[in-house]
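Peer 1: Before I ask anything, let me first share the structure, which is written out below as structure tokens.
The values are calculated or read from the model by the stated rules, or taken from the named source; none is laboratory data. Predicted, not measured: the structure shown is a model, and the values here were computed from it. Using ideal geometry, Cβ is built from the backbone for each residue, glycine included, and neighbour counts are taken over all protein chains shown.
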Amino acid sequence: MKPASFRYISATSLEHALSLKAEYGDDAKFLAGGQSLIPTMNFRLARPAILIDLNRIDGLGATRPCDGGGARVGALTRYRTLERDAGFAGMFPLIAEALPHIAHPQIRNRGTIGGNLSHADPASELPAVAVALGARFHVQSTKQQRWCDASNFFVGGLTTDLQSDEMLVEVELPAPKPRTGSCFMEIARRRGDFAIAGVAATMTLGERDECIHVRLVFCGVGETPADASSVAEILRGHAPTEQAIRDVAAAAQAMIDPSGSVHATADYQRHIAGVLTERALQTAYQRARHGH
Ligand SMILES: Cc1cc2nc3c(=O)[nH]c(=O)nc-3n(C[C@H](O)[C@H](O)[C@H](O)COP(=O)(O)OP(=O)(O)OC[C@H]3O[C@@H](n4cnc5c(N)ncnc54)[C@H](O)[C@@H]3O)c2cc1C
């Protein structure tokens, strides 16, 4: 299939891109890695009149440290850049573990963090990871700039809090606290496929190996990342036992509302979510204990 005709404009600066978006609104789309946008245009599921190419904007693909620790990742940062950055992977092992599950190397060479998060595919890994890490998104238009918590950004399937004149410019990732372990796991039909269900878990331990903070967020089992951290709260204050983790998994299964698809029934997705929860929480706990 070929896309419907469109006008292509290569933005020369962030201000240029934002002013074009302010002018054309919903008729225009930003082109980042093109790995979701171009297929949907080829299938004529999207017919933007104008494509605003972000790829020549200086600095939009840069990663830099935050003042209080953590990192700020520019929207145009490619998956591949982060995969190859050992320092970044050491600071955010949850992201490093999730990245290889995204599509295939060719797609990760082009696909960007900002494009992924703005596209907001319900089965996508990074939205769930961003919520689990407590990320914040820097959003800008010609009129204003604002910060949006990842937990408020994803409002529906393929729908975010971004307004028609806004761009996701940067992602702020807080540094994980000491003695934090994390784990990302998913089940897909084939390597590189979108997840049937996936889970991002983080756990922080106190001096006696008791759980003092825990996050549990699913992808693929709802329209948006499914934050089940509240059901994991029963782990707080104790060293997590196998039984306690099993109880969290059962509560998470009851909480989520998967819709099923041609690849898996809702019951199977719920089953997978429970199995992954047990494994991911056990792994996060052991990693927190042993410091990796
Ligand atoms: C075969 C295949 C398998 C895939 N498997 C997976 C998978 O397993 N997991 C997964 O997560 N993804 C998967 N993807 C999607 C891939 O990760 C995309 O690269 C990603 O979702 C979109 O990033 P992009 O940079 O290519 O964005 P684009 O395709 O360029 O843009 C996507 C959307 O976001 C908008 N946009 C882009 N950047 C911004 C910005 N900075 N601010 C506001 N809006 C913006 C665009 O206008 C467009 O609407 C797969 C893709 C393919 C083709």
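Peer 1: Condition test on Glu172, is it within 22 Å of Arg215 (Cα to Cα) and either assigned by TED's automatic domain parsing to the domain that holds Ser36 or of a type in the set (Asp, Glu) (or both)?
Peer 2: In short, yes.
Peer 1: From Glu172, Glu207, which residue is within 16 Å of the ligand (Cβ to nearest atom) and at pLDDT 95 or above?
Peer 2: From the options Glu172, Glu207, the qualifying one is Glu172.
Peer 1: In addition: Considering only the range 198-211, how many residues are in a loop (DSSP other than H, G, I, E, B) and in contact (Cβ under 8 Å) with a residue 12 or more places away in the chain?
Peer 2: Residues flagged as in a loop (DSSP other than H, G, I, E, B) and in contact (Cβ under 8 Å) with a residue 12 or more places away in the chain within the range 198-211 amount to 4.
Peer 1: On to the next question. Can you pull out every residue in the range 103-151 that is near the ligand (Cβ under 9 Å from one of its atoms), closer than 23 Å to Ser182 by Cβ, among the aliphatic types (A, V, I, L, M) and in contact (Cβ under 8 Å) with a residue 60 or more places away in the chain?
Peer 2: Scanning the range 103-151 gives Ala103, Ala120, Ala123.
Peer 1: Tell me, please, whether a residue that is aliphatic (A, V, I, L, M) and closer than 17 Å to Phe194 by Cβ can be found in the range 222-240.
Peer 2: yes
Peer 1: May I pose another question? Answer yes if at least one residue in the range 271-279 is in contact with a His (Cβ under 9 Å, 6 or more places away or on another chain) and without any contact (Cβ under 8 Å) to a residue 60 or more places away in the chain, and no otherwise.
Peer 2: no
Peer 1: Run down Ala195, Ala244 and say which single residue is free of Cβ contacts under 8 Å to residues at least 12 places away in the same chain and either among the hydrophobic types (A, V, I, L, M, F, W, C) or crowded, with 24+ Cβ neighbours inside 10 Å (or both). Full working, then the answer.
Peer 2: Numbers: Ala195 fails: free of Cβ contacts under 8 Å to residues at least 12 places away in the same chain.
Ala244 is the lone residue from the list that is free of Cβ contacts under 8 Å to residues at least 12 places away in the same chain and either among the hydrophobic types (A, V, I, L, M, F, W, C) or crowded, with 24+ Cβ neighbours inside 10 Å (or both).
Peer 1: Also: Against the definition (under 13 Å from Ala284 (Cβ atoms), in the same structural domain as Leu276 (by TED's automatic domain parsing) and touching a Pro at 6+ places or on another chain (Cβ under 9 Å)), how does Cys219 come out, yes or no?
Peer 2: When the stated conditions are applied, Cys219 does not pass them.
Peer 1: Can you pull out every residue in the range 203-221 that is crowded, with 22+ Cβ neighbours inside 10 Å and farther than 12 Å from Leu235 by Cβ?
Peer 2: Val217, Phe218, Cys219, Gly220, Val221 - these are the residues of the range 203-221 that are crowded, with 22+ Cβ neighbours inside 10 Å and farther than 12 Å from Leu235 by Cβ.
Peer 1: Now, a different point. Answer yes if at least one residue in the range 219-231 is without any contact (Cβ under 8 Å) to a residue 12 or more places away in the chain and assigned to a loop (DSSP other than H, G, I, E, B), and no otherwise.
Peer 2: No, that holds for no residue.
Peer 1: Out of all the residues in the range 23-79, which are loosely packed, with under 14 Cβ neighbours inside 10 Å and either part of a strand (DSSP E or B) or β-branched (Val, Ile, Thr) (or both)?
Peer 2: Arg64, Pro65
Peer 1: Out of Ser230, Ser261, report the one residue that is within 16 Å of the ligand (Cβ to nearest atom), hydroxyl-bearing (Ser, Thr, Tyr) and either within 22 Å of Ala123 (Cβ to Cβ) or out of contact with any Asp or Glu (no Cβ under 7 Å at 6 or more places or on another chain) (or both). Let's see the steps before the verdict.
Peer 2: On the way: Ser230 fails: within 16 Å of the ligand (Cβ to nearest atom).
Just a single option satisfies the conditions, and that option is Ser261.
Peer 1: If I ask for residues that are within 11 Å of the ligand (Cβ to nearest atom) and farther than 20 Å from Arg110 by Cβ, which ones from the range 22-49 would you list?
Peer 2: Passing the criteria: Asp26, Ala28.
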